[in-house]
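Presented below is the structure to which this report refers.
The values are calculated or read from the model by the stated rules, or taken from the named source; none is laboratory data. Model, not experiment: these values are computed from the prediction. Quick reminder, even Gly has a Cβ in these numbers, built from the backbone with ideal geometry, and neighbours come from all protein chains shown. Keep in mind that these areas ignore ligands, DNA and RNA; they rest on the heavy atoms of the full protein, side chains included. Shrake-Rupley method; radii C 1.70, N 1.55, O 1.52, S 1.80 Å.
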Amino acid sequence: RLHALAGRCGEHVSFLHNDTVEIFVEGNGGGRYAVLVYGSTLWSHIPHDQTVEGVKPERATECVEFKMMDFRRVYVAGDSAVSMPRLLEARDVNAWHAAALKGLLAPTGGSA
């Protein structure tokens with residue numbers, strides 16, 4: 001939806017989700033320079049020992065999924081085309097982090 005919305009806003013609006021856009025800027029000396037801009041949410045990485053899967057059962061209430069409201073309020077698409085949306089999990093956040101980092105560290109930025 002956001003890509004479609006950005007498309008309706010004209011050429012000066014770009015929706016960047018782990019991607020880049022090249023912007024040309026006029027320099028002081030009259031030259032034109034290309035600036036590559038990488039846009040990403042850059043989600044945090046959650047260490048395994050701070051997740052429901054990695055913490056000892058007696059310390060489950062100390063894990064990230066119990067402490068942050070996001071894990072009780074945010075839904076993501078199901079794991080298959082026919083499954084229902086499910087609550088956000090640390091593995092989702094870590095996957096988003098890995099994708100964002102991959103794009104950021106790519107030689108030209110953006111989708112690797």
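Observations
- Residue among V82, A34, N18 farthest towards the positive dipole end of the chain, charges placed on Cβ: V82
- Equivalent-ellipsoid semi-axes of the chain, from the Cα gyration tensor, Å, largest first: 37, 18, 11
- Selected from A90, A60, A77 as most flexible by GNM, with the chain as the system and alpha-carbon contacts under 10 Å: A77
- Springs between Cα atoms under 10 Å define the GNM used for the chain, and in it the highest mean-square fluctuation of F15, F66, F24 occurs at F24.
- Each principal axis of the Cα cloud of segment 32-78 was taken in turn, and the coordinate range along them, longest first, works out to 61, 22, 18 Å.
- For K56, the accessible area of its heavy atoms, probed at 1.4 Å with every protein chain present, is near 130 square angstrom.
- Accessible surface, the chain, averaged per residue in Å² (probe 1.4 Å): 76 Å²
- Packing order of peptides 45-53, 31-39, highest average first: 45-53, 31-39 (average count of other Cβ atoms within 10 Å over each peptide's residues).
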